[in-house]
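Visitor: Take a look at the following structure, please.
The values are calculated or read from the model by the stated rules, or taken from the named source; none is laboratory data. None of these values were measured; they are calculated from a predicted model. Cβ coordinates were reconstructed from backbone atoms using ideal geometry, including for glycine residues, and neighbour counts include every protein chain displayed. In case anyone asks, the SASA skips ligands and DNA or RNA and just uses the protein heavy atoms, side chains included. Shrake-Rupley method; radii C 1.70, N 1.55, O 1.52, S 1.80 Å.
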Amino acid sequence: MHIFIVTDAWHPQVNGVVRSLEATAEKCRAKGARVDFLTPDRFATIPLPTYPDIRLAIALPAMIGRHLAEHPEAHIHIATEGPLGLGARAYCRDAGRPFTTSYHTRFPEYLAARLPVPLDWSYAWLRRFHNSGIGTMVATSSIEQDLSARGFQHLMRWSRGVDADLFHPGYANVLDLPRPIFLTVGRVAVEKNIESFLALDLPGSKAVVGDGPARETLMAAYPDAHFLGLKTGKELAQIYASADALVFPSRTDTFGIVLLEALASGLPIAAHPVPGPLDVIGDDGPGCLSEDLREACLAALNIPREAARNHALKYSWDASAQQFMDNIMHAREGRPTEMYAG
């Protein structure tokens, strides 16, 4: 199997989309598949206004099509709805090539957080984009149900995984802060709702890992919080293991890779009962979900770390990659949706 993944989200971005695609590709290759990427680094780019870390490719559909046409045997998977995703969709439709897509980001909600754009308009555009493919992969049942109700078709489940060898509770403490330590990890941007966490009256310390356009504003507004910057790999794993609870204030994520990383590190979760946390945490008790985020934070401190770790071990990147490959095979064979929805 040869898979050509088209994505607008790529380095230097550090987010769940990039990490999911990289981990999936690594495991697919280990299973014998060939995986190539078409990313912005093959084109001239411009920075996204107000968010320079995100580079948008300057590429016409014909330019994108030339790259894809060099591999007529490959299955094309479009991971994002940006300039490259739009160009790849246009090429596939003109060339009569089947393609799948994935829904990583609740773009309408992100856009509405910045501009007065009605959600119905954004979802109508996204529906046209994704329904033109032979299948759309979504991370959770909550997102699947929501998109299905909005008219999205041929939905397939594609869960996520975690590197439980890297993220584990056994590291020495690297955070010399008053306890309990409440940690949040992710892009520091308005759609992540981080300010709602920073504004809480909580004992101990609040720590933020990540970077983004809202960082300077939040640092000025909340000088008692500890902004640790962007961390990856072992350094990030050590920070997880050194905290007492992960606070996930976002209401717009489709999954939340950081949830699994924290759980694998023995860190219980505090979050709102919204898609992402609802699907990952479930009823097994590795976190507390409440509309009162302060209540959830305090309750999470009473959850055993081994309960968090054991829950994370149910997820693996190997299983995620197999699901991704199976979805492509089933979609290309034209199997009914119910055959590959689970």
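Visitor: Restricting attention to the range 255-262, does a residue exist that is at pLDDT below 95 and not in a helix (DSSP H, G or I)?
Guide: The answer is yes, given that some residue of the range 255-262 is at pLDDT below 95 and not in a helix (DSSP H, G or I).
Visitor: Just to be sure I understand the filter: pairs with C-beta atoms under 6 Å, separated by 6 or more residues or on different chains, first member in the range 192-215 and at negative phi and among the small types (G, A, S), second member modelled with pLDDT under 95 and crowded, with 18+ Cβ neighbours inside 10 Å. Which pairs pass?
Guide: A214/A189
Visitor: Would you confirm, using the coordinates I've provided, whether A271 is aliphatic (A, V, I, L, M), surrounded by 15 or more Cβ atoms within 10 Å (Cβ to Cβ) and in contact (Cβ under 8 Å) with a residue 60 or more places away in the chain? First the steps, then the outcome.
Guide: Numbers: aliphatic (A, V, I, L, M): yes; surrounded by 15 or more Cβ atoms within 10 Å (Cβ to Cβ): yes; in contact (Cβ under 8 Å) with a residue 60 or more places away in the chain: no.
Criteria not met by A271.
Visitor: Here are R251, R294, R332: which of them is open to solvent by 40 Å² or more (accessible area, probe 1.4 Å) and in contact with a Leu (Cβ under 7 Å, 6 or more places away or on another chain)? It would help to see each step written out before you state the result.
Guide: Details: R251 fails: in contact with a Leu (Cβ under 7 Å, 6 or more places away or on another chain); R332 fails: in contact with a Leu (Cβ under 7 Å, 6 or more places away or on another chain).
Residue meeting the stated conditions: R294.
Visitor: If I143 passes every condition in (1) closer than 12 Å to N327 by Cβ; (2) among the β-branched types (V, I, T); (3) under 19 Å from the mean Cα position of the chain (by Cα) but one, which one does it miss?
Guide: (1)
Visitor: Please indicate, with yes or no, whether at least one residue in the range 302-314 is touching a Lys or Arg at 6+ places or on another chain (Cβ under 7 Å), charged (D, E, K, R) and surrounded by 17 or more Cβ atoms within 10 Å (Cβ to Cβ).
Guide: Within the range 302-314, the first condition is being touching a Lys or Arg at 6+ places or on another chain (Cβ under 7 Å), and the residues that meet it are none.
No; the residues of the range 302-314 include none that is touching a Lys or Arg at 6+ places or on another chain (Cβ under 7 Å), charged (D, E, K, R) and surrounded by 17 or more Cβ atoms within 10 Å (Cβ to Cβ).
Visitor: Among the residues of the range 231-254, which ones are of a type outside the set (A, V, I, L, M, F, W, C), under 12 Å from V185 (Cα atoms) and either in a loop (DSSP other than H, G, I, E, B) or modelled with pLDDT under 95 (or both)?
Guide: Filtering the range 231-254 for residues of a type outside the set (A, V, I, L, M, F, W, C) gives 231-235, 238, 240, 242, 244, 249-254.
Subset that is under 12 Å from V185 (Cα atoms): 231-232, 240, 249-250.
Within the range 231-254, K231, T232, P249, S250 qualify.
Visitor: Could you list, in sequence order, all residues of the range 173-220 that are open to solvent by less than 60 Å² (accessible area, probe 1.4 Å) and among the small types (G, A, S)?
Guide: Once the filter is applied, which keeps residues that are open to solvent by less than 60 Å² (accessible area, probe 1.4 Å) and among the small types (G, A, S), the range 173-220 yields G186, A189, S196, G204, S205, A207, G210, G212, A214.
Visitor: Pull up the range 84-125, narrow it to residues that are open to solvent by 20 Å² or more (accessible area, probe 1.4 Å) and β-branched (V, I, T), then point me to the one that is farthest from P213 (Cα to Cα).
Guide: V117
Results for (1) surrounded by fewer than 20 Cβ atoms within 10 Å (Cβ to Cβ); (2) at pLDDT 95 or above; (3) over 17 Å from F99 (Cα atoms), shown as yes or no for each residue.
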residue: I3; (1), (2), (3): no, yes, no
residue: V14; (1), (2), (3): yes, no, yes
residue: E22; (1), (2), (3): yes, yes, yes
residue: V35; (1), (2), (3): no, yes, no
residue: L48; (1), (2), (3): yes, no, yes
residue: D53; (1), (2), (3): yes, no, yes
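Visitor: Only one residue in G151, G135 is at pLDDT 95 or above, farther than 30 Å from D224 by Cα and open to solvent by less than 10 Å² (accessible area, probe 1.4 Å), so which one is that? Don't jump to the end; show me each part of the working.
Guide: Working: G151 fails: open to solvent by less than 10 Å² (accessible area, probe 1.4 Å).
From the options G151, G135, the qualifying one is G135.
Visitor: Just to be sure before I move on: is L68 touching a residue at least 60 places away in the same chain (Cβ under 8 Å) and more than 24 Å from L147 (Cβ to Cβ) in the structure I sent?
Guide: Working: touching a residue at least 60 places away in the same chain (Cβ under 8 Å): yes; more than 24 Å from L147 (Cβ to Cβ): yes.
Yes: the conditions hold for L68.
Visitor: Please specify each residue of the range 50-77 satisfying the condition of being of a type in the set (D, E) and either in a strand (DSSP E or B) or in contact with a helix residue (DSSP H, G or I) (Cβ under 6 Å, 6 or more places away or on another chain) (or both). Write out each step before concluding.
Guide: Residues of the range 50-77 that are of a type in the set (D, E), as a first pass: 53, 70, 73.
Correct list: D53 only.
Visitor: Still on this structure, please answer the following. Scan the range 16-41 and report the pairs whose first residue is outside any helix (DSSP H, G or I) and whose second residue is of a type in the set (S, T, Y), with Cβ atoms within less than 6 Å and a gap of 6+ or a chain change.
Guide: T39/T7
Visitor: With respect to F182, determine if the residue is under 26 Å from A214 (Cα atoms) and either touching a residue at least 40 places away in the same chain (Cβ under 8 Å) or not basic (K, R) (or both). Break it down into steps so the answer makes sense when it comes.
Guide: Details: under 26 Å from A214 (Cα atoms): yes; either touching a residue at least 40 places away in the same chain (Cβ under 8 Å) or not basic (K, R) (or both): yes.
Yes; evaluated as a whole, the condition is true for this residue.
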